[in-house]
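The values are calculated or read from the model by the stated rules, or taken from the named source; none is laboratory data. Small disclaimer: the values here were computed from a predicted structure and weren't measured. Please note: Cβ atoms are built from the backbone with ideal geometry, for glycine as well, and neighbour counts cover all protein chains shown. Note: areas computed on protein heavy atoms with side chains; ligands, DNA, RNA excluded. Shrake-Rupley method; radii C 1.70, N 1.55, O 1.52, S 1.80 Å.
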Amino acid sequence: MFKAWVLSKSEDGFQAQLRDVDERELPEGDVLVQVQHSTLNYKDALALTNKAPVVRKWPMVPGIDGAGTILESRHAAWKPGDSWILNGWGVGETHWGCLAERASLKGDWLVPLPVRFDTRQAMIIGTAGYTAMLCVQAIARHDVKPADGDVLVTGATGGVGSMAVSLLSRRGYRVVAATGKPDEASYLHELGASEVIDRATLSAPGKPLQKERWAAVVDTAGSQILANACAQTQWGGVVSACGLAQGMDFPSSVAPFILRNVTLVGVDSVMQPLSARRAAWAALADELDANQLERMARDVPLDKVLEAAASIMAGQSRGRMVVTI
Ligand code: NDP
């Protein structure tokens, strides 16, 4: 038996319970793992509070991220005792996830834990940090350099936002952090933001082309904020879009793309091939500052994840929540 959060739906409605589960109930996989740390991403909070159709099979063990050690393996690349990280691949959505002491996973999904990190640090980073790195790499791939101008990060106090602020400033960019939490300005400056702006300045409908302000953007908000960010991006700039914290819609026009040569890059972390994951994690190991990681981290015990998920949904959280299993 092992402990796990189990989400279920029945005639009585939705239930989230921390309970004992029999190992024989685990889904098919070629590695049996011990999970040492997991984390709470926005998507996990949606699943735990049943706010959006994240879970597509019931019952479900949530937790899209995990880090720990291999217990048993039928996969050529993994042996007992190896340390691993998992991000996405539909785990916690269609396949039982990592808010549990044990998981049965596919060896093809796992990335080796970089030697620089322990499992807790890997989960402070989690999908948020790995996605922020994919966004930063997209900006670099499109040849935006620090000398080209300011980089805007939206949802800046969130997990992806905090990581993006830290990573971009370490690469020498001048980072402008947009936030709905003005009292967190000093936190954002400590992470490396040069300027903090009120997200309300980006939240309302605006003109299709506005004053050119950004060489690049990391957007976690979608909707009107993404539309305004594109409208304010300078000629030849790049916008990495990865989130929908404001909304799923995109009320924009083609003007920034056809008149200012702006590139809109979609970033999905869930189905990235293993080579891209390994490259992103190698870059995170090279570039992330351990003190910055601690600044972003809040530890959550396994039995307190529901309260923590509710605070994410209420928009009250900051940085990254790491769950000790
Ligand atoms: P968090 O909950 O940690 O952060 C979200 C942040 O968005 C909040 O802290 C807040 O920051 C801002 N925000 C909250 N409500 C609103 C609103 N109504 N309008 C505008 N901004 C708002 O989430 P994550 O950082 O984990 O994820 C951010 C987004 O990115 C989510 O939509 C998530 O689903 C998506 N995501 C996508 C991935 C992908 O693969 N494409 C991977 C990971 C995340 P502030 O107060 O500072 O403005």
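Which residues, counting only those in the range 145-160, are more than 8 Å from the ligand (Cβ to nearest atom), open to solvent by 10 Å² or more (accessible area, probe 1.4 Å) and not in a helix (DSSP H, G or I)?
Answer for the range 145-160, where residues must be more than 8 Å from the ligand (Cβ to nearest atom), open to solvent by 10 Å² or more (accessible area, probe 1.4 Å) and not in a helix (DSSP H, G or I): K145, G149, D150.
The residue list Y173, Y187 contains one member that is among the aromatic types (F, W, Y) and under 18 Å from R320 (Cβ atoms), which is Y187. Among the residues making up the range 261-297, a single one is more than 30 Å from L209 (Cα to Cα) and of a type in the set (V, I, T): V270.
All conditions in (1) over 22 Å from E23 (Cβ atoms); (2) among the aliphatic types (A, V, I, L, M); (3) modelled with pLDDT of 95 or more hold for A67, with the sole exception of (1).
For T39, the stated conditions do not hold, so it cannot be described as of a type in the set (S, T, Y) and not assigned by TED's automatic domain parsing to the domain that holds R298.
Could you tell me which of the residues R298, R260, R278 is within 16 Å of the ligand (Cβ to nearest atom) and of a type in the set (D, E, K, R)? Residue meeting the stated conditions: R298. Of R141, R171, all but one fail to be more than 13 Å from the ligand (Cβ to nearest atom) and either touching a residue at least 60 places away in the same chain (Cβ under 8 Å) or under 19 Å from the mean Cα position of the chain (by Cα) (or both); the exception is R171. Of all the listed residues (V262, V322), the sole one being touching a His at 6+ places or on another chain (Cβ under 7 Å) and modelled with pLDDT of 95 or more is V322. Residue count for the range 69-96, restricted to those that are part of a loop (DSSP other than H, G, I, E, B) and hydrophobic (A, V, I, L, M, F, W, C): 5.
When A245 is tested against (1) open to solvent by 60 Å² or more (accessible area, probe 1.4 Å); (2) without any contact (Cβ under 8 Å) to a residue 60 or more places away in the chain; (3) near the ligand (Cβ under 10 Å from one of its atoms), just one condition goes unmet, and that condition is (2). Against the list (1) closer than 19 Å to A132 by Cα; (2) in contact (Cβ under 8 Å) with a residue 24 or more places away in the chain, the condition H189 fails is (2). Of the residues contained in the range 121-138, none is found to be touching a residue at least 40 places away in the same chain (Cβ under 8 Å), in a loop (DSSP other than H, G, I, E, B) and farther than 30 Å from D82 by Cα.
For residues in the range 191-239 being basic (K, R) and either more than 12 Å from the ligand (Cβ to nearest atom) or under 18 Å from S166 (Cα atoms) (or both), which is surrounded by the fewest Cβ atoms within 10 Å (Cβ to Cβ)? So the residue we want is K211.
Pairs are defined by a Cβ separation below 6 Å, a sequence spacing of at least 6 or placement on different chains, a first member in the range 267-290 that is open to solvent by less than 20 Å² (accessible area, probe 1.4 Å), and a second member that is within 11 Å of the ligand (Cβ to nearest atom) and β-branched (V, I, T); the pairs so defined are S269/T127; S269/T131. Scan the range 174-190 for residues that are open to solvent by less than 10 Å² (accessible area, probe 1.4 Å) and within 10 Å of the ligand (Cβ to nearest atom) and the total you get is 5. Taking the listed residues G81, G68, G88, the one that is over 17 Å from the mean Cα position of the chain (by Cα) and surrounded by fewer than 24 Cβ atoms within 10 Å (Cβ to Cβ) is G81, with no other qualifying. Scanning the range 302-325 for residues that are of a type in the set (S, T, Y), touching a residue at least 40 places away in the same chain (Cβ under 8 Å) and more than 9 Å from the ligand (Cβ to nearest atom) yields one hit, T324. Out of all the residues in the range 92-108, is one or more among the small types (G, A, S), on the phi > 0 side of the Ramachandran plot, open to solvent by less than 10 Å² (accessible area, probe 1.4 Å) and touching a residue at least 60 places away in the same chain (Cβ under 8 Å)? Within the range 92-108 (the criterion being among the small types (G, A, S), on the phi > 0 side of the Ramachandran plot, open to solvent by less than 10 Å² (accessible area, probe 1.4 Å) and touching a residue at least 60 places away in the same chain (Cβ under 8 Å)), the answer is no, since none of the residues qualifies.
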